[in-house]
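Written below as structure tokens is the structure these notes are about.
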Amino acid sequence: MTASLRTLRLSLVCGAIAGLAAPTVHAERADRDKPVNLEAARVTVDDVKKVHVFEGNVVLTQGTLVIRTERLVVTQDAEGFQKGVATGGADGLASFRQKREGKNEYVDGRAERIEYDSRGEKAEFFNRAHVRSGVDEVQGHYISYDGKTEQYLVTAVPGAAQNSAQGRVRATILPKSAKAAATPETPAR
């Protein structure tokens, strides 16, 4: 397959995935005004550089946002916005969960590494990435999820053969009739 056909196929898949949610539906807006709470077995704090390292069964919560991981490095910029890099966890995967605005649905994700930027409300999932929004699911090597627009970008493993399992992006998108019948609430991971 030529590079232009692969790019076109990826663009079509990404376009379909970006259409998973209605454009007026967003991540829970009240979350950004809530305090960030962190639990861990150990924490290292560098107040000068504004870097906090949490290790050992780490749980970050901010409203409906929950990140579970083995190690979390949180940095804060001059304006007070935080960026977190979560690595490891159950089965070597960190997890992310956040309620969708105006819906009784959640966005759940997991990957070997998750980077979350509170300023842009963007989560990036690296390696063995899997995100479920309501009852729809996407899987790939890398997933970028924009909480403001609820748009996704999903890519396969770089350099993998296109016909191999690693060289493919996977998506399950249920028709609206099936979504209405499905239970929107899913248990936390």
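I need the full set of residues from segment 35-54 which are in contact with an Asp or Glu (Cβ under 7 Å, 6 or more places away or on another chain) and farther than 29 Å from LYS148 by Cα, in order please.
Initially, segment 35-54 is screened for residues in contact with an Asp or Glu (Cβ under 7 Å, 6 or more places away or on another chain), giving 40-42.
Across segment 35-54, the qualifying residues are ALA41, ARG42.
Is there a residue in segment 155-165 that is modelled with pLDDT of 85 or more and farther than 20 Å from ASN104 by Cα? So that I can check it myself, show each step before the final result.
Narrowing segment 155-165 to residues modelled with pLDDT of 85 or more: 155.
Still in the running and farther than 20 Å from ASN104 by Cα: 155.
Scanning segment 155-165 turns up at least one residue that is modelled with pLDDT of 85 or more and farther than 20 Å from ASN104 by Cα.
How many residues are surrounded by fewer than 18 Cβ atoms within 10 Å (Cβ to Cβ), outside any strand (DSSP E or B) and not small (Gly, Ala, Ser) if we restrict to segment 136-160?
Result for segment 136-160: 4.
Could you list all residues from segment 43-89 that are assigned to a loop (DSSP other than H, G, I, E, B) and at positive phi?
To start, the set of residues in segment 43-89 that are assigned to a loop (DSSP other than H, G, I, E, B) comprises 47-50, 63-64, 77-81, 88-89.
Listed by number, the residues that qualify are LYS50, GLY63, GLY80, GLY88, GLY89.
For THR69, which of the numbered conditions (1) loosely packed, with under 11 Cβ neighbours inside 10 Å; (2) out of contact with any Lys or Arg (no Cβ under 8 Å at 6 or more places or on another chain) fails to hold?
Unmet for THR69, out of (1) loosely packed, with under 11 Cβ neighbours inside 10 Å; (2) out of contact with any Lys or Arg (no Cβ under 8 Å at 6 or more places or on another chain): (1).
Just checking, which of ARG32, ARG119, ARG110 is in contact with a strand residue (DSSP E or B) (Cβ under 9 Å, 6 or more places away or on another chain), of a type in the set (Lys, Arg), assigned to a strand (DSSP E or B) and closer than 22 Å to SER144 by Cα? Show your work before the answer.
Details: ARG32 fails: assigned to a strand (DSSP E or B); ARG119 fails: assigned to a strand (DSSP E or B).
Just a single option satisfies the conditions, and that option is ARG110.
Conditions tested, residue by residue: (1) surrounded by fewer than 20 Cβ atoms within 10 Å (Cβ to Cβ); (2) in contact with a Lys or Arg (Cβ under 7 Å, 6 or more places away or on another chain); (3) free of Cβ contacts under 8 Å to residues at least 40 places away in the same chain.
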{"residue": "VAL73", "(1), (2), (3)": "yes, no, yes"}
{"residue": "GLY80", "(1), (2), (3)": "yes, no, yes"}
{"residue": "LYS83", "(1), (2), (3)": "yes, no, yes"}
{"residue": "GLY89", "(1), (2), (3)": "no, yes, yes"}
{"residue": "GLY92", "(1), (2), (3)": "yes, no, yes"}
{"residue": "ARG100", "(1), (2), (3)": "no, no, no"}
{"residue": "ILE114", "(1), (2), (3)": "no, no, no"}
{"residue": "ARG119", "(1), (2), (3)": "yes, no, no"}
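Among the small types (Gly, Ala, Ser), outside any strand (DSSP E or B) and under 23 Å from VAL36 (Cα atoms): is that true of GLY167 in this structure? Write out each step before concluding.
Numbers: among the small types (Gly, Ala, Ser): yes; outside any strand (DSSP E or B): yes; under 23 Å from VAL36 (Cα atoms): no.
When the stated conditions are applied, GLY167 does not pass them.
The values are calculated or read from the model by the stated rules, or taken from the named source; none is laboratory data. Just so it is clear, the structure is predicted and the values come from calculations on it, not from any experiment. Because the Cβ atoms are built from the backbone with ideal geometry, glycine has one as well, and the counts that use them run over all protein chains shown.
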